[in-house]
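Inspection log for the structure reproduced underneath, given as structure tokens.
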Amino acid sequence: MTAPVLEKPVVAPAPVTPAPRAAAPAAVTPGRRRFLQGAWAVSLLAALVLGFVGYLFTVSHVQERHYQSTAYKTFKDQLARAVAPTGPAADGEPVALLDIPAIGLHQAVVVEGTAGRDLMRGPGHRRDTALPGQGGVAVVFGRGATFGAPFAELSKLRVGDKIEATTGQGKFTYTVNVYGDGDHPISDPVRNRLVMVTGDSDWIPGSTVMIGARLDGDPEQNPGGRPSTVPYDKALAADKGALAALQLWSLALLGAVVGALLLARYWRRSAAYLSFVPVVGAVLWAVYENAAALLPNLY
């Protein structure tokens, strides 16, 4: 007798519960998009301004020290070969060394010219005046806050303090004897003297500080033939000629940033940005330098 075949019960499949859908990202409203764009623009502007401040009070000092080091070697060589200038010189060329022990200024190279770009290199000799040590009045400008700030402590000089100047005609000593400012210029009947000028503030100066000193001993010959000043040679003048250069460098900076963004779309983003860092840094330096030229030249 054959055993009955038992059929397996059919088990209905368990109902499949659909996975929960991921919530759709919230749409960015036009108002929120404008806010984000505005915040990005403000952040970028703030970064550029902070970078400019950092340039003025850190990088500019390094830049000035580098030029001073190079110019010192050049001028010492000229002195050794007796070819240092005693008459008119090209803008930015070294014409003297200045030592003021009372304020800690030693072997500062004085360059020709007092425009903003000249004073980025160090103290500047006003081109229409005598050189230190020559017969007549020698005028030297110096910055008080940026680019090495060689005259930052100028107002601390007192009557009787000594100033030493070295030129192609020798070494000369001056003695401080009088003070002045933008509203009360120095008045001194002595013909052979030195006048040093800087800003009256370590922020944005509104006037000038002047220190007068008389030459000890006899002056050397003044060959004359000094060129006249240009508008940018005046105290607290801004170098308006730098505006066009600033605009061009700003466009170059914008082009470098756009180039980096375009390259990042077709290459590894980190590599693209890294390759443009030196370019952007160099262009940004030029932007800041030209912007600094638009500030008062004694700042």
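Side notes on the structure shown:
- Taken over the range 244-274, the criterion of being surrounded by 14 or more Cβ atoms within 10 Å (Cβ to Cβ), of a type in the set (Gly, Ala, Ser) and farther than 18 Å from Gly51 by Cα is satisfied by Ala245, Gly259, Ala260, Ala264, Ala272.
- The residues of the range 194-222 that are under 12 Å from Leu131 (Cα atoms) and part of a loop (DSSP other than H, G, I, E, B), listed by number, are Pro219, Gln221, Asn222.
- Single residue of Gly122, Gly116, Gly142 found to be crowded, with 24+ Cβ neighbours inside 10 Å, without any contact (Cβ under 8 Å) to a residue 60 or more places away in the chain and under 30 Å from Val287 (Cα atoms): Gly122
- Residue match in the range 219-233 (condition: within 18 Å of Gly124 (Cβ to Cβ), in the same structural domain as Asp99 (by TED's automatic domain parsing) and at pLDDT 95 or above): no
- Matching residues in the range 128-147 - criterion: being of a type in the set (Val, Ile, Thr) and in contact with a helix residue (DSSP H, G or I) (Cβ under 9 Å, 6 or more places away or on another chain): Thr146
- Enumeration of residues in the range 239-283 that are free of Cβ contacts under 8 Å to residues at least 24 places away in the same chain and touching a Leu at 6+ places or on another chain (Cβ under 6 Å): Ala272
- Some residue of the range 146-153 being farther than 22 Å from Tyr72 by Cα and in contact with a Ser or Thr (Cβ under 8 Å, 6 or more places away or on another chain): no
- Filtering Leu251, Leu274 for residues that are part of a helix (DSSP H, G or I), over 20 Å from Asp128 (Cβ atoms) and under 21 Å from the mean Cα position of the chain (by Cα) leaves a single hit, Leu251.
- Asp218 vs. criteria surrounded by fewer than 16 Cβ atoms within 10 Å (Cβ to Cβ) and over 30 Å from the mean Cα position of the chain (by Cα): yes
- Here Lys240 passes the criteria (1) assigned to a loop (DSSP other than H, G, I, E, B); (2) surrounded by 15 or more Cβ atoms within 10 Å (Cβ to Cβ) except the one numbered (2).
- The set of residues from the range 150-193 being under 16 Å from Ala130 (Cβ atoms) and of a type in the set (A, V, I, L, M) comprises Ile163, Ala165, Ile186, Val190.
- Of the strands (runs of 3 or more DSSP E) contained entirely in the range 92-183, those carrying at least 2 residues that are of a type in the set (S, T, N, Q) and modelled with pLDDT of 95 or more fall at 162-167, 170-181.
- Going through (1) at pLDDT 95 or above; (2) touching a Phe, Trp or Tyr at 6+ places or on another chain (Cβ under 8 Å); (3) of a type in the set (Asp, Glu) one by one, Asp239 falls short only on (1).
The values are calculated or read from the model by the stated rules, or taken from the named source; none is laboratory data. All values reported here derive from a predicted model rather than from experimental measurement. Note: ideal-geometry Cβ built from the backbone for every residue, glycine included; neighbour counts use all protein chains shown.
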